[in-house]
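One structure is given here, and the rest of the page talks about it.
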Amino acid sequence: MRSKSCVMAALAALVMTGAAGAGELRGKVKVVGARSSADAVVYIEAVAGKTFEPPAAHLTMDQKNMLFVPHVMPVLVGTTVDFLNSDPVLHNVFTPDKCAEKFNLGSWPRGQTRSFTFKQPCVATVLCNVHPEMEAFVVAVPTPFFAVSGPDGAYVIKDLPDGAYMVKIWHPKAKEASQTVNVAGATAADFELTRK
């Protein structure tokens with residue numbers, strides 16, 4: 001009986017230790033002078049001693065109702081993004097940005113996709129040369145610890161190991177910012193950005 005209670009105590013301690021090492025970073029991003037604080041990408045620049053394999057599954061950015069959906073898509077470096085055309089007209093996908101090899105995937109009809117793999121850290125402006133009013137952003141970051149802020153600026157990054165991190169914040173209409181944050185369990189951090 002005593003050995004069983006010792007094992008149970010050891011398991012409980014192990015579970016509590018594991019839980020204590022898993023942090024969560026949450027807060028709000030405020031973009032001063034902007035109507036909305038949505039679409040800010042908050043991400044951890046690096047985790048000491050760790051590298052991260054990109055997901056095998058592709059992500060999808062849709063072209064629907066003459067918009068790119070989502071408008072801002074953060075991805076881990078090495079991720080492949082499928083660009084789907086859901087509109088009944090031809091669409092094109094290209095970027096002028098060198099960090100994404102200035103790709104131009106051509107034009108294609110409804111229901112078809114073309115793909116591109118984001119091989120390095122990058123903020124790629126995604127455009128359609130058939131419809132110049134269409135614009136989106138793929139933000140390729142070096143860790144899987146990232147989030148996009150909602151309309152009220154709220155964001156949350158889950159399952160982050162406790163530690164000190166450089167947190168970077170990018171927004172399409174604001175200057176980039178960075179700040180060191182010590183994450184210990186549930187941690188709050190708010191950020192304020194100024195318009196470009």
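The values are calculated or read from the model by the stated rules, or taken from the named source; none is laboratory data. Quick caveat: nothing in here was measured; it's all calculated off a predicted structure. When we count neighbours, we look across all protein chains shown, and the Cβ atoms used for this are built from the backbone with ideal geometry, even at glycine. Heads up: the accessible areas ignore ligands, DNA and RNA and are worked out on the full protein's heavy atoms, side chains in. Shrake-Rupley method; radii C 1.70, N 1.55, O 1.52, S 1.80 Å.
Key figures
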{"item": "Surface share of carbon and sulfur [accessible, 1.4 angstrom probe, percent] for region 151-196", "result": "47"}
{"item": "Alpha-carbon gyration tensor eigenvalues x 5, square-rooted, for region 19-91, Å", "result": "29, 21, 9"}
{"item": "Relative contact order [Cα under 8 Å, 6+ residues apart], the chain, whole percent", "result": "33"}
{"item": "Carbon/sulfur fraction of accessible area - region 83-128, other protein chains in place, 1.4 Å, %", "result": "54"}
{"item": "Solvent exposure of region 96-196 as accessible area per residue, Å², 1.4 Å probe", "result": "52"}
{"item": "Acute angle (nearest 10 degrees) that the helix 2-20 long axis makes with the longest principal axis of the chain, alpha-carbon atoms", "result": "40"}
{"item": "Loop-located chymotrypsin sites (Phe, Trp or Tyr not before Pro) in region 133-163, at most 16 other Cβ atoms within 10 Å (DSSP)", "result": "none"}
{"item": "Restraint check, 30/50; 50/175; 30/196; 28/168; 30/168; 64/196, Cα-Cα greater than 20 Å", "result": "30/50; 50/175; 64/196"}
